[in-house]
Amino acid sequence: MSTALPNRAADLEARLTSVRRRISDAAAAAGRGEPNLIVVTKYFPASDAALLAGLGVRDVGENKAQEAESKAAELPEAGLNWHFIGQLQTNKAKSVVKYARAVHSVDRPGLIAALAKAMAAEDARRREAGGSGREPLECYLQLDLRAQPEEAAGRGGAKPEDMLGLAAAVEQEPALRLKGLMAVAPLGEDPAVAFSRLQELSHELTSRYPAASGISAGMSQDLETAVAHGATHLRIGSDILGPRPVLR
Ligand SMILES: *Cc1c(COP(=O)(O)O)cnc(C)c1O
């Protein structure tokens, strides 16, 4: 894709620099090291992901299976790690394991089974093609942190009480690697309350699974709060890419 404006690289660089500064300020204020930045490129063309790669970004996030698969296929040489962060239908598992390093939205047993099955097929396909097989898929359990989850539709995620059962299901699958937890701050609730709950749940998870210490939390609006509450991976879209483009 070559439709990027000539100043798009400068625009992305300026926004990326300012977000990186916010992250380092937040980490300094919390007296901790810097978390990892995943730049969420959803709605934007593969050309933007390529420009970001040129600016030193290594991790990008997408939330729609088809859009993610085609962008990843467009940029095989960019050295990007693709993180799938959106709600995932089981029939898209086969697509996701082709390109994704991590899935941040693992929230039900059926999806775990579908991912494990798709991973076995993908691993076999790569070996038959003479390759070295597929690296285990990094999995984050997405939790629904709403105070009243029975009200209205949520933004995906399992109930916190189901966390340990899902963790055990992931751990049973050699092709899946349990990395930690993911959450989106519930709309209309204080993100500090949600993210401190997430941090408590993370302590509970790591007491059984010490390697699963990842906390994927924090978006453009609430990254400082997430950093203060132990986020290890931030998922930042609009403050780096700019306002959403008009739908094509
Ligand atoms: C879009 C999205 C983000 C990024 O949100 P911004 O507000 O654009 O920074 C993070 N996480 C998930 C799950 C998303 O869908």
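The values are calculated or read from the model by the stated rules, or taken from the named source; none is laboratory data. Worth saying up front: this structure is predicted, and the values here are computed from it rather than measured. Note: ideal-geometry Cβ built from the backbone for every residue, glycine included; neighbour counts use all protein chains shown.
Residues that are over 29 Å from residue 240 (Cα atoms) and either part of a helix (DSSP H, G or I) or under 16 Å from the mean Cα position of the chain (by Cα) (or both) do not occur anywhere in region 52-64. With respect to being under 21 Å from residue 37 (Cα atoms), modelled with pLDDT of 95 or more and in a loop (DSSP other than H, G, I, E, B), residue 220 fits the description. Per the listing 208, 197, 146, the residue uniquely within 30 Å of residue 18 (Cα to Cα) and of a type in the set (Lys, Arg) is 197.
Taken together, the criteria place residue 102 among residues that are in contact with a His (Cβ under 8 Å, 6 or more places away or on another chain) and in contact (Cβ under 8 Å) with a residue 24 or more places away in the chain. Within region 170-189, the set of residues being closer than 12 Å to residue 146 by Cβ and surrounded by fewer than 17 Cβ atoms within 10 Å (Cβ to Cβ) comprises 187, 188, 189. Listed conditions (1) among the aliphatic types (A, V, I, L, M); (2) away from the ligand (no atom under 14 Å from the Cβ); (3) closer than 24 Å to residue 138 by Cα are all met by residue 88, apart from (2). Taken over region 233-248, the residue count meeting the criterion of being crowded, with 20+ Cβ neighbours inside 10 Å and of a type outside the set (Gly, Ala, Ser) is 6. Determine whether region 202-211 contains at least one residue that is more than 16 Å from the ligand (Cβ to nearest atom), loosely packed, with under 15 Cβ neighbours inside 10 Å and among the hydroxyl-bearing types (Ser, Thr, Tyr). Looking for residues that are more than 16 Å from the ligand (Cβ to nearest atom), loosely packed, with under 15 Cβ neighbours inside 10 Å and among the hydroxyl-bearing types (Ser, Thr, Tyr), one finds at least one in region 202-211, hence yes. Checked against (1) within 15 Å of the ligand (Cβ to nearest atom); (2) touching a residue at least 60 places away in the same chain (Cβ under 8 Å); (3) touching a strand residue (DSSP E or B) at 6+ places or on another chain (Cβ under 8 Å); (4) not hydroxyl-bearing (Ser, Thr, Tyr), residue 224 passes all but condition (3).
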